[in-house]
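Student: Below you'll find the structure I mean.
The values are calculated or read from the model by the stated rules, or taken from the named source; none is laboratory data. Since the structure is predicted, the reported quantities are computational estimates derived from the model, not experimental observations. FYI the Cβ positions are ideal-geometry reconstructions off the backbone, even for glycines, and counts take in every protein chain you see. Remember, those area values only see protein heavy atoms, side chains included, never the ligands or the DNA or RNA. Shrake-Rupley method; radii C 1.70, N 1.55, O 1.52, S 1.80 Å.
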Number of protein chains: 2
Amino acid sequence: MANPLESCTARAPGSVGNVAVGFDILGHAFDAVADLVTARRSSSAGVRVMCSGPGSSGIPLDAERNTAGKAALAVLQLSHAPWGVDLEIIKGIPVGSGLGGSGASAVAGAVAVNGLLETSLTQTQLLDCALDGEEVATGARVIDNVAASLLGGLVFAVEGKPPLARSVAVPDGLYCALVHPDVVIATEKSRAGLSDHVSRCDAVRQMANLAGVIVGCEQSDFSLLGRFLRDVMIEPQRFGQVRGFHQVQEAAMEAGALGCSLSGSGPSIFAWCQGEALAGRVATIMSQEFSQQGIGSRSWVSKVDSRGAQVTETL
Amino acid sequence: MANPLESCTARAPGSVGNVAVGFDILGHAFDAVADLVTARRSSSAGVRVMCSGPGSSGIPLDAERNTAGKAALAVLQLSHAPWGVDLEIIKGIPVGSGLGGSGASAVAGAVAVNGLLETSLTQTQLLDCALDGEEVATGARVIDNVAASLLGGLVFAVEGKPPLARSVAVPDGLYCALVHPDVVIATEKSRAGLSDHVSRCDAVRQMANLAGVIVGCEQSDFSLLGRFLRDVMIEPQRFGQVRGFHQVQEAAMEAGALGCSLSGSGPSIFAWCQGEALAGRVATIMSQEFSQQGIGSRSWVSKVDSRGAQVTETL
């Protein structure tokens, strides 16, 4: 048997949850930002957590309450590992941005510890462990961000035992422009504010939008994305939490975006675009629009079909 | 210029509307039953309608109130034809079965008259004209059946100006078993009985089911169809109109169907199956179950990826 690894570092990208049309069931990786987690084998059982990076001071370091820590514990438990780990988290994804940072930390934690195992877990097991981590941050096993961060690209996912995650093809040349304004929203509060009921009319329209986007993606048809990437169900209940949302959305659409909505529960706003150059222009225009509202922001561009979580270093 | 045709006969298959997960937006052709419409060029302007076949006595013969007649009028108007047609409709699709008979007659009427034109209409124009016909039967431009009958196979469709219809790939070997019990339901009444609101929870579950079925179809993954071909939104509001529904559904699922629900608003019940042999067994079992409830029925099997409307004879 080869010498067991002592240390493994995993990188998990940010992600765009919901993707306008797939509340809780669609997400896509956003590779321009990522969290890094290094797991070091320890003779002490359990998990110790360290965390650094912008905005990380508010993140709990108790392993049971930390997304990466909890995911790591779940991997250790599932694999019956007789050892523990020291985890070092480097947050690259802005905290509270709506870019799936908690999910990415959970995924990176699970993948890093998995890298230390003699026998790797399956992807479904890793997803399950990462969901255990996500749950401690948001109070729910919200799968869309977690699955996208783990698998990369666009993912259809449904919670359950076992959870299900399936990659959806996307057109070559599909890029995501994303702007993160200096505004903070708590995911749990945003979720609690949603109405328990929707009109059948809106539900059917949203289902048409969902079907149109999935068919458009699988068939590489940008015209379907341009028509159906619209959220008529959740966005109307949430956009008010992000000042300037409609102006930014309108500016993105006028500049040629296929569709534009909140990333997860916001405050970040994403726009799908045909081609990297257009996505770059749209990102700039969205930031400028926030700036005109007196709101600072950062923006990025990422290919939608980008890589998921990966082991980046082992010792 | 070639001699203009004097007569054209078109065949349009029945269809399964909604397909459990896509209320108003998904339909698939059901080629085991079909309506035939013959259009004969006439020097008299306008459209005269004759109709034969089981159950056809209740069908209005006034062209403005007849689905094929109205669709034919729409084609003549759109093409600025200086002549009229005599239409002969042969109903092969049981009237009031939930097998898209009104839509099929409208499609066959439009396609038959189109066959007489020097310059054919586009498929989108034909769809639009057929929807004019469907509207006089049901009071709404319900597109799922009409688009499936016109295009064949599984179709994603959304009403609008212009209407949109897109073929969705399905796995090879996907068959539909269908049973039509001797029960009559009026589509308009069934639609009016639907609740105006749905719980967000049910809407999100149904959206997961819709996404799962489309991804499963496009990726030829029967396991996704077996998990997600479930209607949690509309079926619970409608199944009570069909006595014995749950027993028939349970029998189909126990026999190995991927999913089973109402065809459109019923009373017909369809079940998707992997393989023609299994579909045959499921069709028999569903009929037997109705029989045990004291209800007569007929059953058929059709490949889901079957042909749409076609011109079958010209003179």
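Student: Out of all the residues in region A:6-22, which are open to solvent by 10 Å² or more (accessible area, probe 1.4 Å) and outside any strand (DSSP E or B)?
Tutor: Of everything in region A:6-22, those that are open to solvent by 10 Å² or more (accessible area, probe 1.4 Å) and outside any strand (DSSP E or B) turn out to be A:Glu6, A:Asn18.
Student: Keeping to region A:45-69, report how many residues are touching a residue at least 12 places away in the same chain (Cβ under 8 Å) and not in a loop (DSSP other than H, G, I, E, B).
Tutor: Of the residues in region A:45-69, 14 are touching a residue at least 12 places away in the same chain (Cβ under 8 Å) and not in a loop (DSSP other than H, G, I, E, B).
Student: Search region A:130-147 for residues being within 14 Å of another protein chain (Cβ to nearest Cβ) and open to solvent by less than 10 Å² (accessible area, probe 1.4 Å), and hand back the single one that is nearest to A:Ser291 (Cα to Cα).
Tutor: Filtering region A:130-147 for residues that are within 14 Å of another protein chain (Cβ to nearest Cβ) and open to solvent by less than 10 Å² (accessible area, probe 1.4 Å), the one nearest to A:Ser291 (Cα to Cα) comes out as A:Asp144.
Student: Next question, about the same structure. Just checking, does region B:27-44 include any residue being under 27 Å from B:Gly160 (Cα atoms), assigned to a strand (DSSP E or B), within 14 Å of chain A (Cβ to nearest Cβ) and modelled with pLDDT of 95 or more?
Tutor: yes
Student: So which helices (runs of 4 or more DSSP H) stay within region A:81-186 end to end and still have 1 or more residues that are out of contact with any helix residue (DSSP H, G or I) (no Cβ under 9 Å at 6 or more places or on another chain)?
Tutor: Numbers: elements: A:101-114, A:123-138, A:143-151.
Counting at least 1 such residues, we get A:123-138.
Student: Shifting gears a bit: Out of everything in region B:191-205 that is more than 7 Å from chain A (Cβ to nearest Cβ) and not acidic (Asp, Glu), what residue ends up being farthest from B:Gly98 (Cα to Cα)? So that I can check it myself, show each step before the final result.
Tutor: Quick first cut of region B:191-205, residues more than 7 Å from chain A (Cβ to nearest Cβ) only: B:191-193, B:201-202, B:205.
Then keep just the ones that are not acidic (Asp, Glu); that gives B:191-193, B:201, B:205.
Numbers: B:Arg191: 12, B:Ala192: 16, B:Gly193: 16, B:Cys201: 28, B:Arg205: 25 Å.
My answer is B:Cys201.
Student: Tell me the residue from B:Ala277, B:Ala252 that is open to solvent by 10 Å² or more (accessible area, probe 1.4 Å), among the hydrophobic types (A, V, I, L, M, F, W, C), farther than 28 Å from B:Ala140 by Cβ and away from chain A (no Cβ under 14 Å), please.
Tutor: Selected residue: B:Ala277, the only one of B:Ala277, B:Ala252 that is open to solvent by 10 Å² or more (accessible area, probe 1.4 Å), among the hydrophobic types (A, V, I, L, M, F, W, C), farther than 28 Å from B:Ala140 by Cβ and away from chain A (no Cβ under 14 Å).
Student: Checking A:Met233 against (1) open to solvent by 20 Å² or more (accessible area, probe 1.4 Å); (2) facing another protein chain (nearest Cβ under 8 Å); (3) under 15 Å from B:Met207 (Cα atoms), which test does it fail?
Tutor: (1) is the only condition that A:Met233 fails.
Student: Quick one: in region A:198-239, of everything that is in contact (Cβ under 8 Å) with a residue 60 or more places away in the chain and polar (S, T, N, Q), which residue is nearest to B:Asp231 (Cα to Cα)?
Tutor: Among them, the one singled out is A:Gln206.
Student: How many residues, within region A:259-275, are more than 13 Å from A:His180 (Cα to Cα) and among the hydrophobic types (A, V, I, L, M, F, W, C)?
Tutor: Qualifying residue count, region A:259-275: 3.
Student: Looking only at region B:149-168, count how many residues are aliphatic (A, V, I, L, M) and more than 8 Å from chain A (Cβ to nearest Cβ).
Tutor: Count: 6.
Student: Do you know which residues across region A:80-124 are surrounded by fewer than 24 Cβ atoms within 10 Å (Cβ to Cβ), at positive phi and in contact (Cβ under 8 Å) with a residue 60 or more places away in the chain?
Tutor: Once the filter is applied, which keeps residues that are surrounded by fewer than 24 Cβ atoms within 10 Å (Cβ to Cβ), at positive phi and in contact (Cβ under 8 Å) with a residue 60 or more places away in the chain, region A:80-124 yields only A:Gly96.
Student: So, one more: Quick test for you: out of A:Asp144, A:Asp182, pick the one residue that is under 16 Å from A:Gly27 (Cα atoms) and not hydrophobic (A, V, I, L, M, F, W, C).
Tutor: When all the criteria are applied, what remains is A:Asp144.
Student: Collect the residues in region B:50-69 that are farther than 20 Å from B:Thr9 by Cα and small (Gly, Ala, Ser), keeping them in residue-number order.
Tutor: Hits for region B:50-69 are B:Gly55, B:Ser57, B:Gly58.
Student: Looking for something free of Cβ contacts under 8 Å to residues at least 40 places away in the same chain and in contact with a helix residue (DSSP H, G or I) (Cβ under 6 Å, 6 or more places away or on another chain) - is there at least one such residue anywhere in region A:286-298? Spell out how you get there, then give the answer.
Tutor: Keep residues of region A:286-298 that are free of Cβ contacts under 8 Å to residues at least 40 places away in the same chain, which gives A:288, A:291, A:294.
Add one more test, that the residue is in contact with a helix residue (DSSP H, G or I) (Cβ under 6 Å, 6 or more places away or on another chain), and what stays is none.
Within region A:286-298, none of the residues are free of Cβ contacts under 8 Å to residues at least 40 places away in the same chain and in contact with a helix residue (DSSP H, G or I) (Cβ under 6 Å, 6 or more places away or on another chain).
Student: Sticking with this structure for a sec: Please pick out the residue among B:Gly244, B:Gly212, B:Gly264, B:Gly216 that is open to solvent by less than 20 Å² (accessible area, probe 1.4 Å), away from every other protein chain (no Cβ under 14 Å) and under 30 Å from A:Ser223 (Cβ atoms).
Tutor: Only one candidate qualifies: B:Gly264.
Student: Here is a check on your reading of the model: is A:Leu150 in the same structural domain as A:Gln77 (by TED's automatic domain parsing) and either open to solvent by less than 30 Å² (accessible area, probe 1.4 Å) or not polar (S, T, N, Q) (or both)?
Tutor: Details: in the same structural domain as A:Gln77 (by TED's automatic domain parsing): yes; either open to solvent by less than 30 Å² (accessible area, probe 1.4 Å) or not polar (S, T, N, Q) (or both): yes.
When the stated conditions are applied, A:Leu150 passes them.
Student: Shifting gears a bit: Among the listed residues B:Ser105, B:Ser97, identify the single one that is at pLDDT 95 or above, closer than 30 Å to B:Gly296 by Cα and not hydrophobic (A, V, I, L, M, F, W, C).
Tutor: Details: B:Ser97 fails: at pLDDT 95 or above.
From the options B:Ser105, B:Ser97, the qualifying one is B:Ser105.
Student: Another question, then. Would you check if there is a residue in region B:176-190 being closer than 17 Å to B:Gln274 by Cβ, out of contact with any Pro (no Cβ under 9 Å at 6 or more places or on another chain) and within 13 Å of another protein chain (Cβ to nearest Cβ)?
Tutor: no
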